[in-house]
1. All but one of (1) more than 21 Å from Ser189 (Cα to Cα); (2) open to solvent by 10 Å² or more (accessible area, probe 1.4 Å) hold for Leu81; state the number of the condition that does not hold.
2. Counting only residues that are at pLDDT 90 or above and open to solvent by 30 Å² or more (accessible area, probe 1.4 Å), which one in the range 27-42 is farthest from the chain's Cα centre (by Cα)?
3. Do we find that Ala13 is buried (at least 20 other Cβ atoms within 10 Å of the Cβ) and at pLDDT 95 or above in this structure?
4. Hey, among Ala107, Ala94, Ala133, Ala87, which residue is at pLDDT 95 or above and either more than 21 Å from Ala51 (Cβ to Cβ) or of a type in the set (Val, Ile, Thr) (or both)?
5. Looking at the structure I just gave you, is Arg155 among the charged types (D, E, K, R) and not in a helix (DSSP H, G or I)?
6. I'd like the full set of residues that are open to solvent by 40 Å² or more (accessible area, probe 1.4 Å), more than 15 Å from the chain's Cα centre (by Cα) and over 18 Å from Leu25 (Cβ atoms), limited to the range 87-128.
7. Of the residues that make up the range 34-48, is at least one out of contact with any Ser or Thr (no Cβ under 7 Å at 6 or more places or on another chain) and farther than 30 Å from Ala132 by Cα?
Amino acid sequence: MTRKLVAEFIGTAWLVLGGCGAAVLAAAFPALGIGFVGVALAFGLTVLTMAFAIGHVSGCHLNPAVSFGLWAGGRFPARDLPGYVIAQVLGGIAGAGILYLIASGHAGFDVHAGFASNGYGDHSPGGYSLTAALVCEVVMTFAFLFVILGSTHGRAPAGFAPIAIGLCLTLIHLISIPVTNTSVNPARSTAPALFAGGWALEQLWLFWVAPIAGALIAGFVYRWLSPNDPVSAEVSGG
């Protein structure tokens, strides 16, 4: 279990550093900024790369919502949930801390400007309401877990799960960055919010409630669709 928790810590740190780092450091870089598309791809690549690196160690959840969804789908024991969630949140904070050290080396950097935090209303990139953000996060996390459960099914093509999961997370970001800056991951949301403070912390509740709700629904639905699920692959994603 210690190895699994360390793997989750490292993997979630990489997800936050890679995904949020792309948003903070490169999205609007003068002349050559990568924009929404680049940030979406960055998040997908963090999961894709870590799924191959640690999928065989911990399952590569990198995300409390994924852990809860896999539990609901009958793929993950409840006794392991607390340890995984703690490791993921701490890993996310470590990744955000590294990003802060890098970003603060630039003159004019202001962590309170957002620091890739998730938000709704005035703090949504596109000005979307709380209701829109809630629906978006529930549905996107549902889709994410549905793809995870399907691609890691015992009868799914072997070896392709990391690709499907990474591309799914990319697609989710392409859809929902304008709405909430895309969470679908409470650990990813918590880490930058702790540094940004203020409104980011006040709105953080939604980015725990909605992703976990969407993940639980997906887990229960997929379990109903596939009640005789063979032994699943070890790679999940976050």
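1. Leu81 satisfies every listed condition except (1).
2. Once the filter is applied, the top-ranked residue is Ile34.
3. yes
4. Going through Ala107, Ala94, Ala133, Ala87 in turn, just one is at pLDDT 95 or above and either more than 21 Å from Ala51 (Cβ to Cβ) or of a type in the set (Val, Ile, Thr) (or both): Ala133.
5. Yes: the conditions hold for Arg155.
6. Hits for the range 87-128 are Asp122, His123, Gly126, Gly127, Tyr128.
7. no
Per-residue answers, yes or no, for (1) modelled with pLDDT of 95 or more; (2) in contact with an Asp or Glu (Cβ under 7 Å, 6 or more places away or on another chain); (3) of a type in the set (Lys, Arg):
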| site | (1), (2), (3) |
| --- | --- |
| Thr152 | no, no, no |
| His173 | yes, no, no |
| Pro178 | yes, no, no |
| Pro186 | yes, no, no |
| Ala210 | yes, yes, no |
| Asp229 | no, no, no |
| Val235 | no, no, no |
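The values are calculated or read from the model by the stated rules, or taken from the named source; none is laboratory data. The model shown is predicted, which means the values in this text are computed figures rather than measured ones. FYI the Cβ positions are ideal-geometry reconstructions off the backbone, even for glycines, and counts take in every protein chain you see. To get the accessible areas, we keep the full protein, side chains included, count just its heavy atoms, and leave off ligands, DNA and RNA. Shrake-Rupley method; radii C 1.70, N 1.55, O 1.52, S 1.80 Å.
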